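K.L.:
One structure is given below, represented as structure tokens, and several questions about it will come after.
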Amino acid sequence: MGKDVDFRLLSFRTEEEFEFPNIINIEVYRGDCYCRCVHCPVGTTEPSERKERFGEIGIDLELYKKIVAEISQHTHSTVRIHSVGEPLMWGDLAEALKFTHDNDVRSWIFTCAVTNDTEQLEAICDNTDVVEVSVNSTTPEDYRATKGVNAFELVSENIRRMYDYIQDRNLTTRMLASRVESLDKAADQEFIRYWKSSGLVDDVFVRSYHTYNDIIPELSEGGQYKHEACLVHWGRFNISVDGYAIVCFNELFKLHLDPSVILGDLRDQSIAEIWHGPKLTALRRAELSRDYSALPFGDALPCKDCYSCQPLSGNRQTSEYQIRKLK
């Protein structure tokens, strides 16, 4: 797509997001986690079987730095540290976050915060703009039932440690507590009330449950969501631990990554090149028209049958909303 194209005709919200994605999701680690969450493909896999199913690898630090160097040229963009597992297990995490911070790139980490490594938590607070802790619960009993381990007190104390550290050093780090939605809506609302009243976090929200593109069961009977054009293809960019740009981050949890859902290779291409490339351009058009018949993805494309998308026209408390709240 040329720069003379009217971004509004392509359903982009801003010219900046047309030029370059708003959020870059980077899989920095895959293979294991401290938890056994009932709503996650890693968590529902026996720990002894995780390495065989997912492998165990961290992203090459030099590749990560190459990606961040490009992002640093676009001040509206944010790196989001993700993993198929727990990013705290990535040995290069602290150095990567410092590199990101030193290059004036905003960063967001999604973590269970199950750790006794206080120095690691402090490094995260020093170098990360948004820290989202998937604490998920308000009681040890619910934590054990949904996260699969006895770590509620540890995680709660770590949230307090990070809060105190941020306050003591007058940092601008934004602390978030999140939960994955359940069938118990009263419990979901109690989670919001409990953590807001704690005074330890800047915001609290319940993330939508999804099946990771049919890897784990539906929360309830299917069809509760209507498929809409997905915000991901207009505002997010997903990178695998191997450096591949992919259609949807959830595809990384599958046993094998289908080559047809790969948009490009960051080892020898740029984010901007792939963002304006033919595959993603064709997918956006298909999402708007609901006509997927001519797409170059084969049968692997998950989008046409997805009912857990982030609607392009929706009003959810999205990640973009949290980023706008940064000081």
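K.L.:
Pick out, in residue order, every one of the GluC sites (Glu not before Pro) in segment 197-261 that is DSSP loop and has at most 14 other C-beta atoms within 10 Å; say none if there are none.
P.N.:
Glu218, Glu221
K.L.:
Can I ask one more? How big is Rg to Rh over the chain, alpha-carbon atoms, Rh as the Kirkwood inverse-mean-distance radius?
P.N.:
0.94
K.L.:
Continuing with the same structure: Where the only charges are on Cβ atoms (+1 Lys, Arg; -1 Asp, Glu), what is the dipole of the chain about its Cα centre, to the nearest 20 debye?
P.N.:
740
K.L.:
Mind checking which lysines have their Cα closer than 25 Å to the Cα of Lys196? Skip sequence neighbours fewer than 8 apart in that chain.
P.N.:
Lys147, Lys185, Lys325, Lys327
K.L.:
To continue, here is another question. Nearest 500 deg cm²/dmol is fine: what mean residue ellipticity at 222 nm does the chain get from its DSSP H runs of n ≥ 4 alone, each adding -39,500 (n - 2.57), divided by its residue count?
P.N.:
-9500 deg cm²/dmol
K.L.:
To continue, here is another question. With a cap of 12 neighbouring Cβ atoms within 10 Å, and only residues DSSP puts in a loop, list the trypsin sites (Lys or Arg not before Pro) found in segment 268-325.
P.N.:
Sparse-neighbourhood loop trypsin sites (Lys or Arg not before Pro): Arg290, Lys325.
K.L.:
Report, to the nearest 10°, how far helix 185-198 tilts away from the longest principal axis of the Cα atoms in the chain, using its own Cα long axis and a range of 0 to 90°.
P.N.:
Helix 185-198 sits roughly 60 degrees off the main axis of the chain.
K.L.:
What is the helix-to-structure angle for 118-127, meaning the angle in degrees between its Cα long axis and the longest Cα principal axis of the chain, kept from 0 to 90 and rounded to the nearest 10?
P.N.:
The angle comes out at about 40 degrees.
K.L.:
Which net charge results when you count Lys and Arg as +1 and Asp and Glu as -1 among the other residues whose beta-carbon is under 10 Å from that of Val247?
P.N.:
Computed value for this residue: -1.
K.L.:
May I pose another question? Using each residue's phi in segment 131-144, evaluate 6.51 cos²θ - 1.76 cosθ + 1.60 at θ = phi - 60° and report the 3J(HN,Hα) Karplus result to the nearest Hz, with x for Gly and Pro.
P.N.:
10, 9, 9, 7, 5, 6, 9, 10, 9, x, 5, 5, 4, 4
K.L.:
With a 4.7 Å Cβ cut-off, tell me which Cys residues in the chain come up empty for a partner.
P.N.:
Isolated Cys, the chain: Cys33, Cys35, Cys112, Cys125, Cys248, Cys303, Cys306.
K.L.:
When you have a sec, figure out the Kirkwood radius of segment 189-265 from all distinct Cα pair distances and drop it here in Å to one decimal?
P.N.:
Here the Kirkwood hydrodynamic radius works out to 15.4 Å.
K.L.:
If you take the charge dipole of the chain about its Cα centre, with +1 on Lys and Arg Cβ and -1 on Asp and Glu Cβ, which of Phe54, Phe237, Leu266 is farthest toward its positive end?
P.N.:
Checked the options; the winner is Phe237.
K.L.:
Any chance you could check the Cα centroid distance between segment 75-89 and segment 178-254 for me, in angstrom?
P.N.:
15
K.L.:
Explain nothing, just compute: Karplus ³J(HN,Hα) = 6.51 cos²θ - 1.76 cosθ + 1.60, θ = phi - 60°, for every residue of segment 159-175 in order, whole Hz, x for Gly and Pro.
P.N.:
My calculation for segment 159-175 gives 4, 5, 4, 5, 4, 4, 5, 4, 5, 4, 9, 6, 7, 9, 3, 9, 9 Hz in order.
K.L.:
Quick one: angle between helix 61-71 and the longest Cα principal axis of the chain, in degrees between 0 and 90, rounded to 10, please.
P.N.:
60
K.L.:
So, one more: Placing unit charges on C-beta atoms (Lys and Arg positive, Asp and Glu negative, everything else neutral), compute the dipole magnitude of segment 12-96 about its Cα centre in debye, rounded to 20.
P.N.:
Once rounded to the nearest 20, the dipole reads 260 debye.
K.L.:
Considering Cα pairs under 8 angstrom that are at least six residues apart, work out the relative contact order of the chain and quote it in whole percent.
P.N.:
Computed over the chain, the figure is 19 percent.
Quick note: the coordinates plus some simple rules give every number you see, no bench work behind them. Fair warning: this is a prediction, and the values are worked out from it, not measured in the lab. Positions of Cβ are backbone-derived with ideal geometry, glycine not excepted, and every protein chain shown enters the neighbour counts.
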